[in-house]
Amino acid sequence: LIRLYVGLVHYPVYNKNHERIASAITTFDLHDLSRLSKTYGVKRLYVITPLADQQELAGRVIEHWTTGYGATYNPNRKEALELIHVCGSIDDCVREVAEIEGERPLLISTDASMKRREVLGYSQAAAMVRAGRLIVLLFGTAWGLGEEVFDRADSFLDPVRTDTDYNHLSVRSAAAIILDRLAGGHPGGS
Ligand code: SAM
């Protein structure tokens, strides 16, 4: 049984000028990442934003497809979007997971940057997932996670590397590659 939680972080992240901001919710992140999470047995997808209007927007999308007309129109979408929980901060997310599981989760952050030295490799991370380690895996939005997220994380996952110098995967694509490496081939982990 895998005990993997995913957090999509909208604060603290950087904008184009490397200023710390709270980014806006992208509704297709909610659709794609929730289906991805459901497919790979992620227990919850936390959408993390301190902005009340953005929390409300996420809440409206989720509600439409889980309780409104959309729930009967598209039940597969309902099942996926039900995994989403909106919360105000990474601390709140970690606290909620700890309450649900009765244990403090390991916080692992992801990053496109090749700079970091002490990274967690995929085979090691996949073994931890398979062993049922309680993990919260964080993904960034905008121009990436704020430095303080890396300071407080317990571990950083090795970036997805390619042979090109184009290093601009969308969070949806990066998350799909990473979840397949960590939880692929081990279904039934919900
Ligand atoms: N506006 C962009 C979008 O539409 O997705 C947001 C980009 S956001 C910075 C991309 C996030 O995906 C990163 O914070 C990280 O979590 C993940 N990511 C992207 N490229 C990655 C890579 N090569 N390795 C690991 N994670 C990566």
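For region 1-108, with equal point scatterers placed on the C-alpha atoms only and solvent neglected, what are the log10 I(q)/I(0) values from the Debye formula at q = 0.14, 0.19 1/Å, to two decimals? So the normalised log intensities work out to -0.57, -0.99. Between residue 113 and residue 127, the modelled label-to-label distance comes to 2.8 nm, taking each label 7 Å out from Cα in the direction of the beta carbon. Can you figure out the FRET efficiency of residue 79 with residue 167, using R₀ = 41 Å and their beta-carbon distance, to the nearest 0.05? The value I calculate is 0.75. Segment residue 1..residue 15, full-extension length gain: 1.3 nm, with 0.36 nm per residue of separation and the alpha-carbon distance subtracted.
Bridges between two residues of the chain, per DSSP, are antiparallel at a rate of about 10%. Long hydrophobic helices in the chain: the complete DSSP H runs spanning 15 Å or more by Cα along their own axis with mean Kyte-Doolittle hydropathy of at least -1.0 are 27-39, 52-66, 90-101, 171-183.
Close amide H pairs (under 5 Å, H built 1.01 Å from N) link residue 138 with 7, 108, 109, 110, residues at least 5 positions away or on another chain. Under a Gaussian network description of the chain, with springs only between Cα atoms under 10 Å, the residue in 152, 95, 133 that fluctuates furthest is 152. Rounded to two decimals, the Cα radius of gyration of the chain over 2.2 N^0.38 Å is 0.98. Backbone geometry of region 155-167 corresponds, through the Karplus equation with coefficients 6.51, -1.76 and 1.60 at θ = phi - 60°, to 3J(HN,Hα) couplings of 7, 10, 7, 3, x, 5, 10, 9, 8, 9, 9, 8, 10 Hz, x marking Gly and Pro. Taking amide H atoms as placed 1.01 Å from N in the peptide plane, the amide H of residue 13 lies under 5 Å from those of 21, 23, 146, each 5 or more residues away in sequence or on another chain.
Taking each residue as 0.36 nm, the span from residue 67 to residue 51 lengthens on full extension beyond its C-alpha to C-alpha distance by 3.4 nm.
Dipole orientation for the chain: of the candidates 120, 52, 39, 39 has the Cα lying most toward the positive pole (charges on Cβ; Lys, Arg +1; Asp, Glu -1). When we measure straight from the Cα of residue 78, which lysines land under 24 angstrom away, once same-chain ones fewer than 8 places off are left out? Filter leaves 38, 43. Each part reduced to its alpha carbon centroid, region 108-133 and region 3-64 end up 21 Å apart.
Calculated on the alpha-carbon coordinates, the convex hull of region 92-190 measures out at 119 cubic angstrom per residue. Other residues within the sphere of radius under 13 Å centred on the Cβ of residue 123, judged by their own Cβ, net out at +1 (K and R +1, D and E -1). Helix-only arithmetic for the chain: the sum of -39500 (n - 2.57) across DSSP H runs with n ≥ 4, divided by the residue total, places the mean residue ellipticity at 222 nm at -12500 deg cm²/dmol.
Bear in mind these aren't lab numbers, they're just calculated from the coordinates by the rules spelled out. No experiment lies behind these values; they were computed from the predicted model shown. Glycine also receives a Cβ, built like all others from the backbone with ideal geometry; neighbour counts cover every protein chain displayed.
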